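Just so it is clear, none of the values below were taken in a lab; they were calculated from the coordinates. Predicted, not measured: the structure shown is a model, and the values here were computed from it. When we count neighbours, we look across all protein chains shown, and the Cβ atoms used for this are built from the backbone with ideal geometry, even at glycine.
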Amino acid sequence: MKTVTSVCSTERQCSSIENPPEHSAARRAASAKSQGTDMLVVMQSHATDEQVRHVCDRIESLGLKAHPIPGSIRTAIGITGNKGAVDLGFLEALAGVAECIPVSKPYKLVSREVKEEDSILRVATPLGEVAIGGCNVGMIAGPCAVESREQVFAVAEKLAAQGVRLLRAGAYKPRTSPYSFQGLGEDGLRILAEARDRFGMGIVTEAVDNESCDLVEKYADVIQIGARNMQNFSLLKRAGKATKPVLLKRGMSATLDEFLMAAEYVMAEGNYNVVLCERGVRTFSDFTRNTLDLAVVPAVKHRSHLPILVDPSHGTGKRHKVLPLSRAAVAVGADGLLIEVHDQPEKAMSDGMQSILPDEMAQLLGEIRQIATVLHRSVN
Ligand code: PEP
Ligand code: MN
């Protein structure tokens, strides 16, 4: 793969975001003190780990939660749990603190106000870490559902040979009809774990409720939360306590604020390893299953430091639309793709119509690698 030395376009974009003029330091501090709520503590660039810890301890001694978010230049500490009762202006006097600023957005930890540069999701796999975001375009591919060991292995073998490092497949399937295939459950997770060992791929799979989340956390490398569960707040909180990264799909009628607030639920519990995923929203379109809202990608990048993937499989519902929308997604700045691939789509137990063949995936990868190169990014 080509070595990329120049600065990727997303980094350029994020470094060019400016603070609006009303966010002058003096105004922000005054406002923070008077509001006594929703504050962000910005540490000095040379602040020590001990100073960061001390500020966190002082925040937590007041019954609030401190979220230290390290950036490349300095650490910011988000504060959640303040219902407005506690005046936090005193934090500005602590050693190592540069300033306290109010967070103007309803979402705090996901906001660019907390972290100016792009976050990079790092997924542990048997063959080393896979990065998603920044200059890295992540590829996640595999069948909609785990149907059998043979089926998962047949697809995984081909994908691994193409260089795909993250395998997706649902062991728990949230289906519209209770009579449709619901997934193999823990047996499916065991098959995925075997595929992980055999092909060295990281596993991405969906948790549909708190019970399945316990098992998904145990077997998988990334916990997927599906569109239908984007506002399942107890599941979001459970995923926020997990030790694995979370892939959060946009609800099919969710606004951008609702999407970001759902990510905030996960981060507020202390899990900062979150990647968003646009998978299409409901519209009056009669030629696609959903309408893939690619404009949400730059919109997310403007407001949030979190990486965002695009899923053109669910976003279109049609096999022949997956390649063109994948090209567009990467061109618009998506940090990766989530693609449904099946070796016998006509026999698939779910989403066969939108699943591409392994050979089509090879073509897609070839084109995406070229598009990524133009944007000074590389495909992982
Ligand atoms: C899936 O990824 O298979 C899935 C069910 O996706 P969504 O939640 O976007 O419908
Ligand atoms: Mn599917």
Could you give the distance between the Cα centres of the stretch 216-268 and the stretch 175-210, to the whole Å?
17 Å
Find how many whole Å separate the alpha carbon centroid of the stretch 330-380 from the alpha carbon centroid of the stretch 97-165.
15 Å
Neighbour-count order for 320, 376, fewest beta carbons within 10 angstrom listed first:
320, 376
Counting only residues 5 or more apart in sequence or on a different chain, those whose built amide H sits under 5 Å from that of residue 168 are 141, 142, 204
Where does each of 342-351, 276-285, 199-208 land if you order them by average Cβ count within 10 Å, highest first?
199-208, 276-285, 342-351
Based on DSSP H runs of at least 4 residues, each adding -39500 (n - 2.57), what is the mean residue ellipticity at 222 nm of the chain after dividing by all its residues, to the nearest 500 deg cm²/dmol?
-10500 deg cm²/dmol
Separation in nanometres of the label points that stand 7 Å from Cα toward Cβ, at residue 209 and residue 150:
3.2 nm
Phi-based couplings in Hz for the stretch 269-281 (Karplus 6.51, -1.76, 1.60; Gly and Pro marked x)
7, x, 9, 9, 8, 10, 10, 8, 8, 7, 10, x, 10
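Any idea what the relative contact order of the stretch 325-368 is, in percent, if you count C-alpha pairs under 8 Å spaced at least 6 apart?
Numbers: 34 pairs, mean separation 16.2, N = 44.
After rounding, I find 37 percent.
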Using only the alpha-carbon atoms, how far is helix 358-374 inclined from the longest principal axis of the chain? Give it as 0 to 90 degrees, nearest 10.
40 degrees
DSSP-defined beta bridges in the stretch 155-261 - what % are antiparallel, rounded to 5:
0 percent
Residue-by-residue Karplus 3J(HN,Hα) for the stretch 92-103, coefficients 6.51, -1.76, 1.60, Hz, glycine and proline x:
4, 8, 6, 4, x, 7, 7, 6, 10, 10, x, 8
With +1 at each Lys and Arg Cβ and -1 at each Asp and Glu Cβ, the charge dipole magnitude of the chain around its Cα centre, to the nearest 20 debye, comes out at 380 debye
Simple Cβ-charge dipole of the stretch 252-380, Lys/Arg +1 and Asp/Glu -1, about Cα centre, in debye nearest 20
320 debye
Between 0 and 90 degrees, rounded to the nearest ten: what's the tilt of helix 49-60 against the longest Cα principal axis of the chain?
90 degrees
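So if R0 is 45 Å, what FRET efficiency would residue 83 and residue 50 give, r being the distance between their Cβ atoms, rounded to the nearest 0.05?
0.95
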Residues whose placed amide H lies under 5 Å from that of residue 304, excluding near-sequence neighbours:
112
Relative contact order (percent) for the stretch 238-380, with alpha-carbon contacts under 8 angstrom and 6 or more residues of separation?
17 percent
Lysines whose Cα lies under 18 Å from that of residue 244, excluding same-chain neighbours fewer than 8 positions away
218
Which cross-chain or sequence-distant (5 or more) residues have an amide H under 5 Å from the amide H of residue 224, H modelled 1.01 Å from N in plane?
205, 206, 207, 247
Could you compute the FRET efficiency for residue 359 and residue 243, with r as their C-beta to C-beta distance and R0 at 41 Å, rounded to 0.05?
0.65
With springs only between Cα atoms under 10 Å, which of 112, 53, 327 fluctuates most in a Gaussian network model of the chain?
53
What FRET efficiency comes out for residue 94 versus residue 116 if R0 is 22 angstrom and r is the Cβ-Cβ distance? Round to the nearest 0.05.
0.50
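When only Cα pairs under 8 Å and 6 or more residues apart are kept, what is the percent relative contact order across the chain? Show your work: numbers first, answer last.
Numbers: 836 pairs, mean separation 62.9, N = 380.
This gives 17 percent for the chain.
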